[in-house]
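*Asks:* Submitted below is the structure of interest, expressed as structure tokens.
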Amino acid sequence: MGNEEQDITGKALDINTIMKILPHRYPFLLVDRVLEVSENRIVGIKNVTMNELFFQGHFPGKPIMPGVLILEAMAQAGGVGALSHKDNVGKLAYFLSINNAKFRKPVVPGDTLRMEIDITKRKTSILQCRAVAKVDGEVVTEAEMTFALIKPNEAE
């Protein structure tokens, strides 16, 4: 993407800015807003609506957001912070591992998913973080994630 370097520290980010940083698009862009960005913390929002494509099959009559998509939403929120860092502009974030994932409560249409990502370790091309997703202040999902930050042409 044409991801220009910009200082977003301390700023709330709207969907247009998020789309300049992340390569994801409908139906796989799972961050609607970023409330907080600092060197080691990102807080993002996903408004969960019945219009989500995945609710057609998960589950008819009992819509629940798939846990793997909650993990993906948390990863994307973390990616906004990681990929806007001056050393990572223009790179992609690839999952290396997801550890200790726990799903505590279902996420349903009407929920606002608040994703709090704390970066625990940062190396040149590796990023580790602790991610927690909450609805109404209650933890619904948590995990430890590790990413490789790679230039697109290096990934082939």
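Values in this text are rule-based calculations from the coordinates and carry no lab data. This structure is a prediction, so every number in the text was calculated from the model and none was measured. Heads up, the Cβs are rebuilt from the backbone with ideal geometry, glycines too, and the neighbour counts pull from every protein chain shown.
*Asks:* Of the numbered conditions (1) within 20 Å of ARG25 (Cβ to Cβ); (2) buried (at least 21 other Cβ atoms within 10 Å of the Cβ); (3) of a type outside the set (S, T, N, Q), GLU72 fails exactly one; give the number of that condition.
*Replies:* The single condition GLU72 does not satisfy is (2).
*Asks:* Is it the case, given these coordinates, that HIS58 is closer than 26 Å to GLU138 by Cβ and either in contact (Cβ under 8 Å) with a residue 60 or more places away in the chain or not hydroxyl-bearing (Ser, Thr, Tyr) (or both)?
*Replies:* Answer is yes for this residue.
*Asks:* Within segment 90-114, track down each residue that is among the hydrophobic types (A, V, I, L, M, F, W, C) and assigned to a strand (DSSP E or B).
*Replies:* Listed by number, the residues that qualify are LEU92, ALA93, PHE95, LEU96, ILE98, ALA101, PHE103, LEU113.
*Asks:* Based on this model, can you work out whether HIS24 counts as assigned to a loop (DSSP other than H, G, I, E, B), of a type outside the set (A, V, I, L, M) and under 15 Å from the mean Cα position of the chain (by Cα)?
*Replies:* Taking the combined requirement at face value, the residue satisfies it.
*Asks:* In addition: Pairs under 6 Å by beta carbon, first residue among the charged types (D, E, K, R) in segment 28-40, partner assigned to a strand (DSSP E or B), six or more apart or different chains?
*Replies:* Filtered contacts from segment 28-40: ASP32/ILE45; ASP32/LYS46; ASP32/ASN47; ARG33/ILE45; GLU36/VAL43.
*Asks:* When you check ILE117 against the structure, is it touching a residue at least 60 places away in the same chain (Cβ under 8 Å), within 18 Å of ILE21 (Cβ to Cβ) and either in a helix (DSSP H, G or I) or in contact with a Cys (Cβ under 7 Å, 6 or more places away or on another chain) (or both), yes or no?
*Replies:* yes
*Asks:* Which of the residues belonging to segment 42-52 are surrounded by 15 or more Cβ atoms within 10 Å (Cβ to Cβ) and either among the acidic types (Asp, Glu) or in a strand (DSSP E or B) (or both)?
*Replies:* ILE42, VAL43, GLY44, ILE45, LYS46, GLU52
*Asks:* Determine the pairs where a residue that is more than 14 Å from ALA77 (Cα to Cα), located within segment 123-145, has a partner that is surrounded by fewer than 19 Cβ atoms within 10 Å (Cβ to Cβ) and among the β-branched types (Val, Ile, Thr) with Cβ atoms under 7 Å apart, the partner being 6 or more residues away or on another chain.
*Replies:* SER125/ILE150; ILE126/THR146; VAL135/THR112; VAL139/VAL132
*Asks:* Sort out which residues of segment 28-60 are within 14 Å of the chain's Cα centre (by Cα), farther than 11 Å from ILE117 by Cβ and of a type outside the set (Val, Ile, Thr), and write them in order of number.
*Replies:* PHE28, LEU29, LEU30, ASP32, ARG33, LEU35, LYS46, ASN47
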